[in-house]
Amino acid sequence: MSKTVKVAIIGCGGIANGKHMPSLSKQKNAEMVAFCDIEQSRAEEAAAKYGAEGAKVYTDYHELLKDGSIDVVHVCTPNDSHSPITVAALEAGKHVMCEKPMAKTTEQAREMVEAAKRTGKKLSIAYQNRFRNDSLYLKQLIEEGDLGDIYYGKAIALRRRGVPTWGVFLDEEKQGGGPLIDIGTHALDLTLWLMDNYKPKSVMGSVFHKLSDRENAANAFGPWDTEAFKVEDSAFGFVTMENGATIQVEASWALNIVEQGEAQTLLAGTEGGADMKNGLRLNGEKLSRLYDQNIDLNAGGVAFYSGESETEADREARMWIEAVLEDKEPLVKPEQAIVVTQILEAIYESARTGKAVYFD
């Protein structure tokens, strides 16, 4: 492989335009050479804005994957197509960055992991919240033992009224669910990664469709179509891990709450705790007194922050391209991401049956 990674984008919609393509365009050692979308005009617009000279446009990803010059594929399509496109790309000899969640089901996610192992190609999932300054700083503190043994976590993804009204977000068949699989997946990934705990034992879940039938509802993105709203408006889970640790999962697009929080975690360990309310806050006990401390992450002085205005999306793209070029593991490993999908699927299953889901 040359020192410039040739990247293809499959799915030129909102997340590709909002994150993947702008961040990739800032990477000096990457160039976007191919764009695919079922709507040709969207692929053409993406190629005109972000493409290298001579960039190609496709409406069929199978045709794109025949191009042997492509090194990396970014999969930015609805959830139900993540697995088949990713597997096909890996088998075509491409490294893959797939948008979150990994897949609709654990079975589909497992097929992705097996394809990566079979082909020897790199696979990563776009959980960009791991790349935030607060997340990376807290991870470093945890690895140094500041929180001790973390036995309680809360994955927080709560919107008061933030139902996405575009694309296929409200389509259960294409997405697999609503806020739980859309934004709850980010909070759960962040919590599991910080705890470094990927062995769930059991899951209980509740899923609600309480506000989705409200006509002309207040909403950040305008009133939703009640007929199209087929997914849950909120969901909650209680996860017990093999080592006895517990994790609460909270996700909503529409919920009657005042305090909101998205892609946040709360952690409690034997030596201290942390949360992400109004920035990164630590708490603990010293000299028989309790304390809490807000961390100023605007200053430099840590390995991952050198003062430049690099967003988490830019950092995700940079570290992913570096992993490809330097043949090293990406920060987000598929074996970790599959556990997120496993737990989310179990919450939905538990809510459907009214019973706990137990893992072998």
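The values are calculated or read from the model by the stated rules, or taken from the named source; none is laboratory data. It should be emphasised that the depicted structure is a prediction, and the values quoted were computed from it without experimental measurement. Cβ: placed from backbone, ideal geometry, glycine included. Neighbour counts: every protein chain shown. Heads up: the accessible areas ignore ligands, DNA and RNA and are worked out on the full protein's heavy atoms, side chains in. Shrake-Rupley method; radii C 1.70, N 1.55, O 1.52, S 1.80 Å.
For a bin width of 5 Å, list the pair-distance distribution of the range 181-303 built from all Cα-Cα distances, rounded to whole %.
Over the range 181-303, the share of Cα pairs per 5 Å bin runs 2, 9, 15, 17, 17, 14, 11, 8, 5, 2, 1, 0 percent.
So if we plug the beta-carbon distance of ALA48 and GLU285 into 1/(1 + (r/R0)^6) with R0 = 45 Å, what FRET efficiency do we get, rounded to 0.05? Provide the component values of the computation, followed by the final result.
Details: r = 58 Å, r/R0 = 1.29.
According to the calculation, E is roughly 0.20.
Between ASN216 and GLU349, what FRET efficiency comes out of the Förster formula 1/(1 + (r/R0)^6) with R0 = 35 Å and r the beta carbon distance, rounded to 0.05?
Numbers: r = 34 Å, r/R0 = 0.96.
Once rounded, the FRET efficiency stands at 0.55.
Binned at 5 Å from 0, what are the whole-percent values of the Cα-Cα distance distribution for the range 233-299, short to long?
It works out to 4, 12, 19, 19, 18, 15, 10, 3, 1, 0, in whole percents.
At 222 nm, what helix-only mean residue ellipticity would the chain give, in deg cm²/dmol to the nearest 500, using -39500 (n - 2.57) for each DSSP H run of four or more?
-8500 deg cm²/dmol, from helical runs alone.
For the range 1-63, just run the numbers: alpha carbon Rg, then divide by 2.2 N^0.38 Å, N being how many residues it has. List each step's numbers first, then the result.
Numbers: Rg = 10.9 Å, N = 63, 2.2 N^0.38 = 10.6 Å.
In units of the globular-protein estimate, the range 1-63 measures up at 1.02.
Identify which of LEU90, LEU24, LEU325 has the largest mean-square fluctuation in a Gaussian network model of the chain, with springs joining Cα atoms closer than 10 Å.
Its mean-square fluctuation being the largest, the pick is LEU325.
Using the beta-carbon distance between SER25 and LYS230 and R0 = 45 Å, what value does 1/(1 + (r/R0)^6) give for FRET efficiency, to the nearest 0.05? Don't skip to the end; give the middle numbers.
Numbers: r = 35 Å, r/R0 = 0.78.
After rounding to 0.05, the efficiency reads 0.80.
With equal scatterers on the alpha carbons only and no solvent term, can you work out the Debye log10 of I(q)/I(0) for the range 16-173 at 0.16, 0.20 1/Å?
Per q value, in the given order, log10 I(q)/I(0) is -1.07, -1.38.
When the C-alpha atoms of the chain are aligned to their principal axes, what extent does each axis show, in angstrom, from largest down?
Here the spans come out as 66, 51, 41 Å, largest first.
In Å², what does the accessible area per residue of the chain work out to with a 1.4 Å probe? Show your work: numbers first, answer last.
Working: 16570 Å² over 360 residues.
Roughly 46 Å² per residue, with all protein chains present.
How much of the accessible area of the chain, in percent, comes from carbon and sulfur atoms when a 1.4 Å probe is used? Before the final figure, lay out each step's value.
On the way: 7640 of 16570 Å².
Carbon and sulfur atoms account for 46 percent of the accessible area of the chain.
Using alpha carbons only, how many angstrom separate the centre of the range 58-96 from the centre of the range 1-32?
14 Å
From the gyration tensor of the Cα coordinates in the range 86-189, what semi-axes in whole Å does the equivalent ellipsoid have, largest first, with each one equal to sqrt(5λ)? Can you show the working numbers first?
Values: eigenvalues 142, 105, 28 Å².
Equivalent ellipsoid of the range 86-189: 27, 23, 12 Å, largest first.
Between PHE359 and ASP60, what length comes free when the chain is fully extended (0.36 nm per residue of separation minus the Cα-Cα distance, one decimal in nm)? Let's see the in-between values first.
On the way: separation 299, 0.36 × 299 = 107.64 nm, distance 3.81 nm.
Length gained between PHE359 and ASP60: 103.8 nm.
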